[in-house]
Amino acid sequence: MRQYDLLAALDHIKPAELTYQEWLNVGMGLKESGCSVKDWDDWSRRDSARYHPRECAEKWASFRGNGNPITAGTIVQMALSRGWQTACPDVRGVEQHGREMGWEEYIGGLCEKDGRVVDQNWVEEAEVQEPAEWNPENQLIRYLETLFEKDDIVGYVTRSFKKEDGGYGPTKGCYDRTAGTLIEQLKGCGGDLGAVLGDYTPAAGAWIRFNPLDGNGVKNENVSAFRYALVESDTLPIGKQNAIIRELDLPVAALVHSGGKSLHAIVRIDAGNYEEYRRRIDYLYQVCEKNGLMLDKQNRNPSRLSRMPGVLRDGRKQFLADTNIGKASWEEWRDWIEGVNDDLPDPEPLAAVWDNLPALSPPLIEGVLRQGHKMLLAGPSKAGKSFSLIELCICLAEGRPWLGFACARGRVLYVNLELDRASCLHRFRDVYEALGIAPEHLKNIDIWNLRGKSVPMDKLAPKLIRRAAKKDYIAVVIDPIYKVITGDENSADQMAHFCNQFDKVCTELGTAVIYCHHHSKGAQGGKRSMDRASGSGVFARDPDALLDLIELEVSDDLRKQIENKAVCAACMAALTEAGKASEASQDDACSAAVMREICQKNLPEQAYLPRLETARKAAAVCTAWRLEGTLREFPRFPTRNMWFDFPIHRLDDSGALADIQAEAAAMPWKRASAKKKTPKEREKERKDSVMTAYEACGIGEKVTINDLAEYMGVSEKTVRRRLRDHGGFWIEDGEIGLKKS
């Protein structure tokens, strides 16, 4: 930025109006921008009351900079807020550093909307008319009647003292009469205010406190009601001050011309206590300063004096310019300010777009989720939710189907909040390999590792948006959200605020946001999918797509079938690698015992045994799941059954899981009772398991004790006992067969 532009901006800032920290910020901004210490020192001399020789040079030497320096942007913003106008785009668009932007702020140049109501470039001055007839007592009576109740004690000052700079300052003043008493006495004074209040110095004028007192003093603790605040600015012409106050629609009870360079707006605050008063003052001053009224910060105190209407000040009138203007109350004004700046779109008539409807966002996951929308994956612990989201990231990056759903291809950001960096990166490689997908588009996957560094979602969202603004992500995956939940997850309003952060990410980036959350405790089969996610129902109702995983209970027989199938597949893979696949027929490939025997005859043990053991262990621990969907943009899809075969989910193409019912919620004692079997039922189950094992191992060939022991996962001794108990088998030299009936 050009130095002379910056110095022009500096000319519009009065050092006497700044706090000590703001004064330091100006110095840091000048140094960062390449200006000299003389520039800072010359400007600082304008505040003769606080200027100290050599202070600027000492502070200048201590400014060594940091990773987020104060820059020219700070000075430019100060000048613009004080009415400085420039057509230079380099100045108005200068980048600002030194602070983290708030969520409600706009990213970009100072020309963009930043909460202002008034555009100073278009504000025309509004002339303040002096009263046509000068009636001092009526001026003050009207002021008192507007601001005070009859029983309120009023503080005022007529005696003053002369200061070193030639000006006048008020003394402590009086606080011994009520507004009602003063009004009655003023009505009979014949225009002589001094007869009621005491004579004032004509060169100084007089002052009055705008909040009632308790009669014991004039400090903040003596204020009996926190009704009003003082808004005063002398950095703009009186006419412009008047125009901005009126355009801001401030809830002004009384507007007083000070007889000097400023208007005093007595603004309704109506705070219940001092703490609320301070909060409302902060809000009021922030809005005023954003709109060009740079206020004297010493006026924040509720016991502050303001100029008294009806008196003269060095020959100029202190008069009541107006009463009861703007909004009627603080609440009404605040709601209006926030409404003006809510950035909500205006309603649109349907008829205007009926014949030219906007195009729908294209699908991100076919039949499930559109681009730019939100999806929640819910499930219990150990459902493999994180693995499923990693699978989804890979499928989106590579343009491959996910759980049978076609996916668009594009760039994805995976926000890892739970795993350490190494574990997360290894998971992606493991899932790629298990899916059998070639990593042809790795450039489409970005991973943001935030374990140990995560912050609440309302703080994370703007950081995420800034980092992702130029990356053109089609999806942002956040895993898991319990790490960033803001507030109580059982509170609907707090969770609504939390979920709104996902909307902001979607809107700002034009990307889909996908996240996972855990189920509540207990069995889930008897619940609706929308009622399973833990916490407030907002979680289930907020996303455009809710995918829900519920576990299916696998019976012992089904588990054996799965193990048999896994062993057969492992054997076939080993035979295929060795070029011996032709040794096994299609019927052979259905029996683990037969396939093992074929492997024994054709392969060395090391070529197939480790693979068989791995397959058996994986089959023993894999879990069964059902995926249900509740969708806003698409019709409900048929439930999908799958196995979580670590580290990926595989669709159940055999149909074995189709008839399994998810366990419904019930009392623990009732579930336990339902599982109890009678002795006859247990005996029948044992006999059925023996027959199932025999049929699986046989397929028309001979069956041995060893085959059954291996299939059933028990000892040969146990197999012999169960065969004897069954009574329908013969045993001879280790082989078994069915007795002829």
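Only one of (1) open to solvent by less than 40 Å² (accessible area, probe 1.4 Å); (2) over 30 Å from residue 624 (Cβ atoms); (3) in contact with a strand residue (DSSP E or B) (Cβ under 9 Å, 6 or more places away or on another chain); (4) not in a strand (DSSP E or B) fails for residue 360. Which number is that?
Of (1) open to solvent by less than 40 Å² (accessible area, probe 1.4 Å); (2) over 30 Å from residue 624 (Cβ atoms); (3) in contact with a strand residue (DSSP E or B) (Cβ under 9 Å, 6 or more places away or on another chain); (4) not in a strand (DSSP E or B), only one is false for residue 360: (1).
Could you pull out the residue among 375, 294 that is modelled with pLDDT under 90, farther than 30 Å from residue 214 by Cα and crowded, with 17+ Cβ neighbours inside 10 Å?
Residue meeting the stated conditions: 294.
Pairs only if they're at least six apart or on different chains, beta carbon under 8 angstrom, first in the range 611-623 and under 18 Å from residue 385 (Cα atoms), second of a type in the set (Asp, Glu) and in a helix (DSSP H, G or I); list them, first residue then second.
none
Can you confirm whether the range 244-267 contains a residue that is open to solvent by 30 Å² or more (accessible area, probe 1.4 Å), part of a strand (DSSP E or B), acidic (Asp, Glu) and under 21 Å from residue 323 (Cα atoms)?
Among the residues of the range 244-267, not one is open to solvent by 30 Å² or more (accessible area, probe 1.4 Å), part of a strand (DSSP E or B), acidic (Asp, Glu) and under 21 Å from residue 323 (Cα atoms), which makes the answer no.
Residues 361, 306: which one is touching an Asp or Glu at 6+ places or on another chain (Cβ under 9 Å), among the polar types (S, T, N, Q) and more than 30 Å from residue 21 (Cα to Cα)?
Just a single option satisfies the conditions, and that option is 361.
Between a first residue in the range 632-650 that is over 14 Å from residue 366 (Cβ atoms) and a second residue that is assigned to a loop (DSSP other than H, G, I, E, B) and not hydrophobic (A, V, I, L, M, F, W, C), which pairs have beta carbons less than 7 Å apart while being 6 or more apart in sequence or on different chains?
632/544; 641/652; 642/652; 643/652; 644/384; 649/384
Have a look at 49, 87, 9, 72 and point out the one that is loosely packed, with under 13 Cβ neighbours inside 10 Å and at pLDDT 75 or above.
Unique residue meeting the criteria: 49.
Does residue 552 meet the test of being among the aliphatic types (A, V, I, L, M) and either buried (at least 22 other Cβ atoms within 10 Å of the Cβ) or at pLDDT 90 or above (or both)?
yes
Please find, among 397, 378, 422, 434, the residue that is in a helix (DSSP H, G or I) and under 20 Å from residue 512 (Cβ atoms).
From the options 397, 378, 422, 434, the qualifying one is 397.
Given the structure, is residue 471 part of a helix (DSSP H, G or I), at pLDDT 85 or above and surrounded by fewer than 18 Cβ atoms within 10 Å (Cβ to Cβ)?
Answer is no for this residue.
Out of the residues in the range 618-649 that are among the β-branched types (Val, Ile, Thr) and outside any loop (DSSP other than H, G, I, E, B), state the one that is most open to solvent (accessible area, probe 1.4 Å).
In this case the residue turns out to be 621.
If residue 454 meets every condition in (1) touching a Lys or Arg at 6+ places or on another chain (Cβ under 7 Å); (2) of a type in the set (Ser, Thr, Tyr); (3) within 16 Å of residue 648 (Cβ to Cβ) apart from one, which number is that one?
It fails just one condition, (3).
For the structure I just gave you, tell me whether residue 300 is surrounded by fewer than 21 Cβ atoms within 10 Å (Cβ to Cβ), of a type in the set (Lys, Arg), touching a residue at least 24 places away in the same chain (Cβ under 8 Å) and within 22 Å of residue 17 (Cβ to Cβ).
So residue 300 fits the description; yes.
Being at pLDDT 90 or above and among the charged types (D, E, K, R) is the filter here, so list the residues in the range 564-581 that pass it.
577, 580
State which residue is farthest from residue 694 (Cα to Cα) when the search covers only the range 706-741 and only residues that are of a type outside the set (Asp, Glu) and in contact with a Cys (Cβ under 8 Å, 6 or more places away or on another chain).
Only one residue fits best here, namely 711.
Just give me the residues in the range 399-416 being surrounded by fewer than 18 Cβ atoms within 10 Å (Cβ to Cβ) and touching a Lys or Arg at 6+ places or on another chain (Cβ under 8 Å), in sequence order.
The answer is 399, 404.
The values are calculated or read from the model by the stated rules, or taken from the named source; none is laboratory data. Everything numeric in this text was worked out from a predicted model, so none of it was measured. Cβ sites come from the backbone with ideal geometry, for glycine too, and all protein chains shown count toward neighbours. For accessibility, only protein heavy atoms count, side chains too; no ligands or nucleic acids. Shrake-Rupley method; radii C 1.70, N 1.55, O 1.52, S 1.80 Å.
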